[in-house]
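Input: a single structure, listed below in C-alpha cells.
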Amino acid sequence: MTADRPNERTPVCALCGLRTCEKEPGTGMFPTFCPMLLEPEVLAEAEAAYLADSDLERMSVEAARTEAGGYGVATRVEETMDFARRMGWRRLGIAHCVGLIKEARIAYDIFTAGGFEVYTVCCKAGSIDKEKLGIRDDEKVHPGGYESMCNPVGQAALLAKAGTELNVVMGLCVGHDSIFFMHSKAPVTVLVAKDRVLGHNPVAALYTSHSYYRRLRVERAE
C-alpha cells in the first residue's frame, strides 16, 4: 500500500510520517517516494553486502548490540568504549580541534582509564601555512598574521602510523572532518560535532528553527 507523494525526489525519508521500515515486512503502508518501493535492487544489494563481508557483518552486529545495551542509559562516551570492546579493539585515536585540547585530554583520561591505548592528534599538527594553499590574508580568521591550516590528512596519517583501530573525531571543522573521514584507515565515530556558536550542540539550531533561528528556514533566492 502507498500514501501520497509530496514531490518527485527520492529518497526523502525525512518527509515520511509512516516509518513502515521499522515494522515487520508486509504489515504497513509505504509513501510513494519510499526507496523500499522505488529502489529495491539497491537495498537488496546493501543487505547482501552485510553477509558477504565478515568484517562489515561483525561491525553491524556489535553496533546493534551496543545500541541495545546502552539504549537510554549509556552516554556516547560509554557507548564508544563499549563498541570498541565488543570489537576487540584496544587502540583508540582521537582527531581533535586544537581549540578542544582540554576536552580531548579529558577523553584521553577516560579512555585510558577504560583500559585503552590512546593516541591523539590536533588539527594544526604540521603547521601548514594557509597562504601556501592559496588562502588570501583577507580570508583568514584573523587577517594580518600567520595562520596554520587544519591538517586532517596529517591527523589520519599519524593515527594510521600509530595503528589505531577506531578513531574518534572531536570538533573538527565542517569540511575538515569530511577530509578526515576520507583518509582515515580505521573506522571513525564522532564524539563532538563542531559548532562554535551553539557550544558544539548543532542540533539546537534545528530545535529552535521555528523561533530563534527561524532565519534558517527562509528560502534563499538562486
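The values are calculated or read from the model by the stated rules, or taken from the named source; none is laboratory data. What you are looking at is a predicted structure, and each value in this text was computed from that prediction instead of being measured. Note that we place each Cβ from the backbone using ideal geometry, even for glycine, and neighbour counts take in every protein chain shown. Note: areas computed on protein heavy atoms with side chains; ligands, DNA, RNA excluded. Shrake-Rupley method; radii C 1.70, N 1.55, O 1.52, S 1.80 Å.
A few remarks follow.
Yes/no matrix, rows are residues, columns are (1) buried (at least 18 other Cβ atoms within 10 Å of the Cβ); (2) in contact with a Cys (Cβ under 6 Å, 6 or more places away or on another chain); (3) not in a helix (DSSP H, G or I):
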site: 81; (1), (2), (3): yes, no, no
site: 104; (1), (2), (3): yes, no, no
site: 112; (1), (2), (3): no, no, no
site: 121; (1), (2), (3): yes, no, yes
site: 124; (1), (2), (3): no, no, yes
site: 145; (1), (2), (3): no, no, yes
site: 155; (1), (2), (3): yes, no, no
site: 181; (1), (2), (3): no, no, no
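- Count of residues meeting criterion [of a type in the set (Ser, Thr, Tyr), in a loop (DSSP other than H, G, I, E, B) and either open to solvent by 30 Å² or more (accessible area, probe 1.4 Å) or modelled with pLDDT of 95 or more (or both)] in region 183-214: 5
- Residues of region 60-81 classified as touching a residue at least 12 places away in the same chain (Cβ under 8 Å) and under 30 Å from residue 150 (Cα atoms), total: 5
- Which numbered condition residue 151 fails, given (1) buried (at least 20 other Cβ atoms within 10 Å of the Cβ); (2) closer than 20 Å to residue 83 by Cβ; (3) free of Cβ contacts under 8 Å to residues at least 60 places away in the same chain: (2)
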